[in-house]
Every structure is written in C-alpha cells, then in structure tokens.
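Below: the structure, in structure tokens.
The values are calculated or read from the model by the stated rules, or taken from the named source; none is laboratory data. Computed from a predicted model, the values in this text were never measured in an experiment. Cβ coordinates were reconstructed from backbone atoms using ideal geometry, including for glycine residues, and neighbour counts include every protein chain displayed.
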C-alpha cells in the first residue's frame, strides 16, 4: 500500500471551466441591469427571428398548397419553425482539452457528459444568473401554490359529493318510511290523501334545492380546478424547459398571448347526462311516482292488490 504513489492521480484530466462573476455571491444592481439587458436582447432576437421565419414558412406553404391553410397545417408549420429556431440557439457543444496518463492530449465535447451532470451544470448556471434564478424561484412558488389550491378544491369537491350522497340516502329513507306508514295506517283514508302527498312533495322540494346548490358549487370548483391545473402544468413545463435547455432557454417559448386551450373534463356523467341535471330529474320523477302511490294506496286499495 505504501509503494503506491500519487502522481498518477494528480495527472488525471484537468478541466478548467470558468464562470464569470461566480466568485462572489454579492451581485450589484449594475450587474443585474446588465443581465436583464442581455436577456432582453436574446428574447427580442428570438421573437423577431421566429416571427420572420414563421411568416415566410406560412407563405411558402400556402403557395405550395394553392389554397388557404387549415388550422392543423398552420400548427404544423409553427412547430417546424419553433424547432428550427431552437436549433439555431443551440451552439456547437464546447470542448475541453484533457491529458491522459500517457500524456496524450485530446479535445472532448461536453455533449458526451452524462445528462444528469449537464442538468447540474444548468442549475449552477441558473443559480449565478439573476434573471433566470428569479424566474425559477417564481415558477417553483407557483407550482407549490397551484398544487395546494388544486388539492384543497378537490377535497372540497369530494366532501360536497358525499353530502349529496347522504342527502339522497336520507330522502330515500324518508319516502320509504312515509310510504310504509301510509299503507299501514288505519287513520288515513282517501279524503286525507293530500297529507302524505304534501309531505312527499315537500321532502322532494327540499332535496332538490339542497342538491342543486351543491352541484352548482361543485361545477364552479371543477372549472377553477381545471384552470389551475393548466397553470400548474404550464409552470412545471417552464421549470423543466429552463433546467433542461439552460442557456438555450427563451421566455418567448411560452408566449402569453397564445390561446390557452384547457379542456374541462366532464364530471358526474351517467348514461351520457350530467348528474347535475339527471339527479334532480330523477327526484322529480320519483316524487310523482310516490304521489301516485299514496293516492292508489288510500283511494284505490283494490287496484294495488290486483283485485
């Protein structure tokens, strides 16, 4: 063990990578303004180049088709232009010169480094750039905020659903007890049929109002949940793009004026109809059935017995 010498370890490849202004954690206001100005220039160059290339590509595609482009064709052209503009930003991978144990010197591209390491390098670059560091912190804050909002509203929506189920259970039990009492009572006759029918309709009305209000709140929650899920997904995609692309990232990749197509998934569907309308309809129909049952029991008991 003592015969082993350390020169071989000291002769391992020596990589010199210089980060400007990384020795000090203090960033002055002047340097911040310089960084912002540099980012402004990069963003304007990307937007201008993309707009020009998109205009030319759409015109060429329209001339090629000989007719006006469809929405799908326009989207395809936009994706091609975005890919071309991204490739324009990706400069050739820098190389470093290393010397191995035998003394051989060669240049190696940084692109051969593992993806996990390049990800860490991008994080270091972001950490020492005030604009992108601030953007990353803000987007992470938004992810936490939207995730907590979505979770709370999903829990609230689930609680409201349980309240609806419980209300339907109480309604069914009440109507069943009322119907059983009508059929077994010795004091109710046909002249008194209005009493159980009135009680049945009153219970149906209270249930309808209660359930309709719950469904209205749930519908509003679902819309805000879907909207905030879109915002959450957008913030996550920006974080991923910044961490993956590093210096090739552009804010213009996420244009604010793009139409945000968020699909609100249908909730509470049964037999192709929303339960918001199906459940009240079913309660209304059952209230009519219960009223007719009370009338038949008290006024036409023979018909109920099949006589």
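For the stretch 273-295, indicate whether the set of residues that are assigned to a loop (DSSP other than H, G, I, E, B), modelled with pLDDT under 55 and farther than 30 Å from residue 46 by Cα is non-empty. Full working, then the answer.
Pass one, the stretch 273-295, residues assigned to a loop (DSSP other than H, G, I, E, B): none.
No: the stretch 273-295 contains no residue that is assigned to a loop (DSSP other than H, G, I, E, B), modelled with pLDDT under 55 and farther than 30 Å from residue 46 by Cα.
Out of all the residues in the stretch 33-49, is one or more at pLDDT below 65 and exposed (fewer than 14 other Cβ atoms within 10 Å of the Cβ)?
So the first thing to find is which residues in the stretch 33-49 are at pLDDT below 65, and the list is 33.
Checking which are exposed (fewer than 14 other Cβ atoms within 10 Å of the Cβ) leaves us with 33.
For the stretch 33-49, residues at pLDDT below 65 and exposed (fewer than 14 other Cβ atoms within 10 Å of the Cβ): present.
Of all residues in the stretch 217-251, how many are in contact (Cβ under 8 Å) with a residue 40 or more places away in the chain and either touching a strand residue (DSSP E or B) at 6+ places or on another chain (Cβ under 7 Å) or in a helix (DSSP H, G or I) (or both)? Give the derivation first.
In the first step, residues of the stretch 217-251 are kept if they are in contact (Cβ under 8 Å) with a residue 40 or more places away in the chain; the result is 217-219, 221-225, 228-229, 231-232, 235-236, 238-239, 242-251.
From the residues that got through so far, the ones that are either touching a strand residue (DSSP E or B) at 6+ places or on another chain (Cβ under 7 Å) or in a helix (DSSP H, G or I) (or both) too are 217-219, 221-225, 228-229, 231-232, 235-236, 238-239, 242-248, 251.
Qualifying residue count, the stretch 217-251: 24.
Of the residues 13, 7, 92, only one is at pLDDT below 50, within 25 Å of residue 124 (Cα to Cα) and either out of contact with any strand residue (DSSP E or B) (no Cβ under 8 Å at 6 or more places or on another chain) or surrounded by 12 or more Cβ atoms within 10 Å (Cβ to Cβ) (or both); which?
Numbers: 7 fails: within 25 Å of residue 124 (Cα to Cα); 92 fails: at pLDDT below 50.
Going through 13, 7, 92 in turn, just one is at pLDDT below 50, within 25 Å of residue 124 (Cα to Cα) and either out of contact with any strand residue (DSSP E or B) (no Cβ under 8 Å at 6 or more places or on another chain) or surrounded by 12 or more Cβ atoms within 10 Å (Cβ to Cβ) (or both): 13.
Regarding the stretch 56-79, can at least one residue be identified that is surrounded by 10 or more Cβ atoms within 10 Å (Cβ to Cβ), in a loop (DSSP other than H, G, I, E, B) and at pLDDT below 50?
no
Check 137, 87 and return the single one that is closer than 19 Å to residue 248 by Cα, at pLDDT 80 or above and surrounded by fewer than 16 Cβ atoms within 10 Å (Cβ to Cβ). Even if it seems obvious, please write down each step before you answer.
Working: 87 fails: at pLDDT 80 or above.
None of the others qualify; the one that does is 137.
State the number of residues belonging to the stretch 179-194 that are free of Cβ contacts under 8 Å to residues at least 60 places away in the same chain and either under 13 Å from residue 292 (Cα atoms) or loosely packed, with under 12 Cβ neighbours inside 10 Å (or both). Step through it out loud before you land on a result.
As a first pass, look at the stretch 179-194 and keep what is free of Cβ contacts under 8 Å to residues at least 60 places away in the same chain: 180-181, 184-187, 191, 194.
Narrowing the set further to residues that are either under 13 Å from residue 292 (Cα atoms) or loosely packed, with under 12 Cβ neighbours inside 10 Å (or both) leaves 180, 184, 186-187, 191, 194.
Total meeting the criteria: 6.
For every residue, the table says whether it meets (1) within 27 Å of the chain's Cα centre (by Cα); (2) modelled with pLDDT of 90 or more; (3) not assigned by TED's automatic domain parsing to the domain that holds residue 226.
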{"site": "120", "(1), (2), (3)": "yes, no, yes"}
{"site": "152", "(1), (2), (3)": "yes, yes, no"}
{"site": "160", "(1), (2), (3)": "yes, yes, no"}
{"site": "184", "(1), (2), (3)": "no, no, no"}
{"site": "196", "(1), (2), (3)": "no, no, no"}
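Would you mind telling me which numbered condition in (1) at pLDDT 80 or above; (2) over 15 Å from residue 246 (Cβ atoms) residue 106 fails?
Residue 106 satisfies every listed condition except (1).
Across the stretch 127-160, what is the number of residues that are closer than 30 Å to residue 276 by Cα and either in contact (Cβ under 8 Å) with a residue 12 or more places away in the chain or in contact with a helix residue (DSSP H, G or I) (Cβ under 7 Å, 6 or more places away or on another chain) (or both)?
In the first step, residues of the stretch 127-160 are kept if they are closer than 30 Å to residue 276 by Cα; the result is 145-160.
Okay, now just the ones that are also either in contact (Cβ under 8 Å) with a residue 12 or more places away in the chain or in contact with a helix residue (DSSP H, G or I) (Cβ under 7 Å, 6 or more places away or on another chain) (or both), so 146-147, 149-150, 153-154, 156-157, 160.
Total satisfying the criteria: 9.
Among the candidates 148, 200, 116, which residue alone is farther than 20 Å from residue 290 by Cα, at pLDDT 85 or above and in a helix (DSSP H, G or I)?
Working: 200 fails: farther than 20 Å from residue 290 by Cα; 116 fails: at pLDDT 85 or above.
Answer to the selection: 148.
Answer yes or no: is there a residue in the stretch 170-178 that is without any contact (Cβ under 8 Å) to a residue 60 or more places away in the chain, in a helix (DSSP H, G or I) and surrounded by 16 or more Cβ atoms within 10 Å (Cβ to Cβ). I'd like the intermediate steps shown before the answer.
Start the filter on the stretch 170-178 by keeping residues that are without any contact (Cβ under 8 Å) to a residue 60 or more places away in the chain, which leaves 170, 172-174, 176-177.
The next check asks that each one be in a helix (DSSP H, G or I); those that pass are 170, 172-174, 176-177.
Within this subset, residues satisfying the condition of being surrounded by 16 or more Cβ atoms within 10 Å (Cβ to Cβ) are 174.
Looking through the stretch 170-178, at least one residue is without any contact (Cβ under 8 Å) to a residue 60 or more places away in the chain, in a helix (DSSP H, G or I) and surrounded by 16 or more Cβ atoms within 10 Å (Cβ to Cβ).
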